[in-house]
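One structure is given below, encoded as structure tokens.
The values are calculated or read from the model by the stated rules, or taken from the named source; none is laboratory data. As the structure is a computational prediction, the values presented were derived from the model and not from experiment. Virtual Cβ from ideal backbone geometry, glycine too; neighbours counted across all protein chains shown.
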Amino acid sequence: MARLPDRYNSFSALREHETEGVDYRINIADRSSNVAVIAPHGGFIEPATSEVALAIANERFSLYRFEGLDAVRLHHELHITSENFDEPIANGLVGSSSIVVAVHGRTDRDDPLTSWIGGLDTSLRDRIVEALRLNGFVAAARMKGEALAGASAGNVCNRGKRQAGVQLEIPRGVRDILMKDAEKMKRYASAIRGAIDEFDRVLSSGESL
């Protein structure tokens, strides 16, 4: 069945019809880090993306989550596509960050085990793919032109200081596994965090990426 189009094409449109604290909430932890981990479709919009983002940030990286609060609402009702996601608090955090990693959920399609890693920050993208594979997970880089590649300049993950970020698209099957297995969640998040740390060190040193 085809996914229904988003009900709202901007945060201002959503805010006119939805109530903060009832329909949605915004969580932010600005830790003055070079890194922002964001879940723009958190809570019940794309289940488990909030939890994965929280695990990656690990009280070290800045963290933003926009969360749907009603478990029975359909995905499209509070989903604002990444190119249109313009919530002001998110914009402020992303715009002040050198490294941005956005956590999303995708349907399993015919590939229920592969995390698709995209975005314009191809160097960090490839490091995350390698780190996940080394830790026993299936991951693949998404290229421009492929579905859910996160390659649009307007994508919220690509609006940081360097105008390039990373988009994680985690299949529902993997998200369900991570939520049921704390050790796997820890290993998945640690792999991504390690790749970010390594990339941040290289970026800060001025070495060639």
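On inspection, Arg109 does not qualify as buried (at least 20 other Cβ atoms within 10 Å of the Cβ) and closer than 22 Å to Val174 by Cα. Here Arg3 passes the criteria (1) modelled with pLDDT of 95 or more; (2) on the phi < 0 side of the Ramachandran plot except the one numbered (1).
Of all residues in segment 33-84, count the ones that are surrounded by fewer than 23 Cβ atoms within 10 Å (Cβ to Cβ) and among the basic types (Lys, Arg). Qualifying residue count for the region: 2.
Here's the yes/no breakdown for (1) over 13 Å from the mean Cα position of the chain (by Cα); (2) crowded, with 20+ Cβ neighbours inside 10 Å; (3) at pLDDT below 95:
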| residue | (1), (2), (3) |
| --- | --- |
| Glu130 | yes, no, no |
| Arg133 | yes, no, no |
| Lys144 | yes, no, yes |
| Ala153 | yes, no, no |
| Pro171 | no, yes, no |
| Val174 | yes, yes, no |
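Where strands (runs of 3 or more DSSP E) fall wholly inside segment 107-209, the ranges with 3 or more residues that are touching a residue at least 40 places away in the same chain (Cβ under 8 Å) and within 20 Å of Ala39 (Cα to Cα) are 114-118, 166-171. Here the condition is being farther than 27 Å from Glu59 by Cβ, β-branched (Val, Ile, Thr) and in contact with a helix residue (DSSP H, G or I) (Cβ under 7 Å, 6 or more places away or on another chain); of Thr107, Thr122, Thr114, it holds for Thr107 alone.
The requirement of being in contact (Cβ under 8 Å) with a residue 24 or more places away in the chain and either over 13 Å from the mean Cα position of the chain (by Cα) or over 18 Å from Met179 (Cα atoms) (or both) is not satisfied by Pro47. Pairing each residue of segment 76-99 that is more than 16 Å from Gly119 (Cα to Cα) with any residue that is at pLDDT below 95 and of a type in the set (A, V, I, L, M), provided the two are 6+ apart or on different chains, yields C-beta distances under 7 Å for His76/Leu4.
Only strands (runs of 3 or more DSSP E) whose full extent lies in segment 1-71 are considered here, and the ones with at least 2 residues that are touching a Lys or Arg at 6+ places or on another chain (Cβ under 9 Å) and under 13 Å from Ala102 (Cα atoms) are 35-43, 62-68.
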